Amino acid sequence: MNEETARDHALHLLALYTELVQANAGYAHDPDEHNLCTAVVERANAATETYISYSNPSGLTTNAMRSVRASLIPAGRPHRCLIHRPGRQDLHTEVRLLNYLYSIERLSRAGTVTLFSTRSVCTTCRSAIATVQAAVSRQCGLVALELRAEDRSNNLGRAYIYNVRAGTGMGVRDDARGQGSVATF
């Protein structure tokens, strides 16, 4: 995925997240307490595929559901899992998405998976991403990015994209400027 494609994807994802926040203002469902995450799967000689995970699919607005229905992964646990976490930790957005990709064999084929998370990635998910990166590194590349929408520095005309890090074992690309930002648009 080149920078322009990453920027466009990030801006669309942030627009959808912003719509969720605005549409649910004042309701019991608070999108700021939930994460919207996508995986863009790129393989040679195959169409690019996008998969979307939302931590509470029932909280999606009608318009948002129309936008994502074809790409939204099923709620709950997939039948085959690579990541096993205790309690409800395996229901975290990134964990569910990665387990779903594993269950449909998108992590076992040559190519690249770019994971976008609208919010900062929690410790549980950082650890899960590192586990998956280590497990599939011979089959495909997994690049994990976070948009940190909760800090409100992103808006519809600008997206800051950060590498997800968990110590030194993440193996994701570092920014040459050392500021943690892959690209500022």
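The values are calculated or read from the model by the stated rules, or taken from the named source; none is laboratory data. Small disclaimer: the values here were computed from a predicted structure and weren't measured. A quick note on method: Cβ atoms are made from the backbone with ideal geometry, for glycine too, and the neighbour counts reach across all protein chains shown.
Overview of values
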{"item": "Residue in the stretch 121-135 that is charged (D, E, K, R), within 12 Å of the chain's Cα centre (by Cα), within 20 Å of residue 21 (Cβ to Cβ) and at pLDDT 85 or above present", "result": "no"}
{"item": "Residue list for the stretch 104-142, filter: β-branched (Val, Ile, Thr), assigned to a helix (DSSP H, G or I) and crowded, with 20+ Cβ neighbours inside 10 Å", "result": "129, 132, 136"}
{"item": "Some residue of the stretch 44-57 being acidic (Asp, Glu) and in contact (Cβ under 8 Å) with a residue 24 or more places away in the chain", "result": "yes"}
{"item": "Filter result (modelled with pLDDT under 80, surrounded by 14 or more Cβ atoms within 10 Å (Cβ to Cβ) and in contact with a helix residue (DSSP H, G or I) (Cβ under 6 Å, 6 or more places away or on another chain)) within the stretch 65-80", "result": "78"}
{"item": "Failed item in (1) modelled with pLDDT of 90 or more; (2) surrounded by fewer than 20 Cβ atoms within 10 Å (Cβ to Cβ); (3) out of contact with any Cys (no Cβ under 7 Å at 6 or more places or on another chain), with residue 101 passing the rest", "result": "(2)"}
